[in-house]
Structure formats: C-alpha cells, structure tokens
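Below is one structure, written out as structure tokens, with a few remarks after it.
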Amino acid sequence: MNANARKKLWIGALVVFALVSVVRLVLTIQRDGIGDSSLWIALLIVLVICGITVAVMLGRSKGVATNARQGRQDVVVIPAYSTAESVEEAGAYANRVPGLMGVGGSPMALVVAAGQIEVWAGRRSTAPAWTVRRPAQAGVVQAVYGTRTIDALKVSDGATSATVIPAYSPLRAMGGSGAEALRRAVAEVGTGQPSR
C-alpha cells in the first residue's frame, strides 16, 4: 500500500469514527438526556481540536516549502520540521528566527541550490534564515524533537549546520522521520537532484 492509499485510509477511518460518534451522541441524548452524553461530547470536541491542529500544521509545512521555492524550478526543496538543535544553529549564525520552537516541530524547508543550502523558516520569509555552503556533509544524527531523541538529518559545511526532520510526508513526520525519508534527504543534499 502506497503513502497516498494509507493517507486516504487513515482519513476515511477518522471520518467513519466521527460519524459513528455523532450518531451515537444523538441517540444517547435522545434516549438518556444530555447528562449521560458528556463523555461523547468531550470526545468529539477533542477530535475536532486535533483535526484543526493537524490541518493548520500541514498547511504551515506546505506554505514554508512553497515560499522557499519562490518560483525556482531548478532547486530541490526538502520540507522539514525543526529540532531543538535548529534554534542553536540559527543562533550560531547570528540569526534569531521568530517562531522557531525550542523543542523542535516548527515547519522549515531546505533548498539545495547550486552553491549553498538555504534554510527557510516561515511562510512569509523573503530570504533564508541561514545558509550552509556546498559541498556540505549530510548525514543522520540523533537530535532532540519534543521530549524524545530521534534520528534527524544534519547538513554541515564545518562552520554552519542545520539539523532537521525531513517531512516529505508532513503528517508522518510530526512523529519523526522514517529511515526512507532520511535516506532520500541525504541523497538529495548530496546530488542536488530530486531522488524521486
């Protein structure tokens, strides 16, 4: 099953769950009154809040990658989420990046251009937050993401670096990148060409 089919299956399961929950809530209210339905009401509120949060995060992730591309078709754009190390790396480059969460999880994008790798943060940024010169070393390192330490992509030229979670599948990357996404990102940084 490919990623698109899994995504459709997941969305379908959530829709079915929401519909069953609403029907059950209506039936319970009709039968027992509103007092006995508080658990289902709370569950639906949590479901709606989670759905809105995920939709906003996915929109922001896509927005940063689109902004980073800025009409350039000759570059590779790697959508990503920040790690705790990203804040330190931005600070080492003498930049304060607004909205960059200290524990990671902020939408970012790496643009693999001819002479440098641009690190973009923000949907409305007009320039990269910082850059890493090419040729750069790209590899998998351990990084802090939320409350966990997970595998992440680190790109470094010896003086400047960027450590991110590749987010080719933004929803899946919210929990951390898989080995396939990390391999793809390392290959794209190395070659400057899309691997798919």
Check your understanding: Looking at this structure, is Thr28 of a type in the set (S, T, N, Q) and modelled with pLDDT of 80 or more?
Key -> no
Exercise for review: Considering only residues that are of a type in the set (S, T, N, Q) and not in a strand (DSSP E or B), look in the stretch 49-91 and name the one that is surrounded by the most Cβ atoms within 10 Å (Cβ to Cβ).
Suggested key: Ser86
Study note, to complete from the structure: Across (1) under 26 Å from Val54 (Cβ atoms); (2) part of a loop (DSSP other than H, G, I, E, B), Leu182 clears everything bar (2)
Exercise for review: Residue by residue through the stretch 145-174, note down the ones that are part of a strand (DSSP E or B) and surrounded by fewer than 19 Cβ atoms within 10 Å (Cβ to Cβ).
Suggested key: Arg148, Thr149, Ile150, Asp151, Ser156
Check your understanding: Considering the stretch 92-122 alone, what residues qualify as being touching a residue at least 60 places away in the same chain (Cβ under 8 Å), among the small types (Gly, Ala, Ser) and open to solvent by 60 Å² or more (accessible area, probe 1.4 Å)?
Key -> Ala92, Ala114
Study note, to complete from the structure: Of Val111, Val119, Val97, Val87, the only residue that is of a type outside the set (Phe, Trp, Tyr) and under 20 Å from Thr149 (Cβ atoms) is Val87
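Select, from Ser125, Ser177, the only residue that is surrounded by 22 or more Cβ atoms within 10 Å (Cβ to Cβ), polar (S, T, N, Q) and either in contact (Cβ under 8 Å) with a residue 24 or more places away in the chain or in a strand (DSSP E or B) (or both).
Within the list Ser125, Ser177, the selection yields Ser177.
The values are calculated or read from the model by the stated rules, or taken from the named source; none is laboratory data. Quantities reported herein were computed from a predicted structural model and do not represent experimental measurements. Here the Cβ is made from the backbone with ideal geometry for all residues, glycine too, and neighbour counts use every protein chain on show. Calculation scope for accessible area: heavy atoms of the full protein, side chains included, ligands and nucleic acids excluded. Shrake-Rupley method; radii C 1.70, N 1.55, O 1.52, S 1.80 Å.
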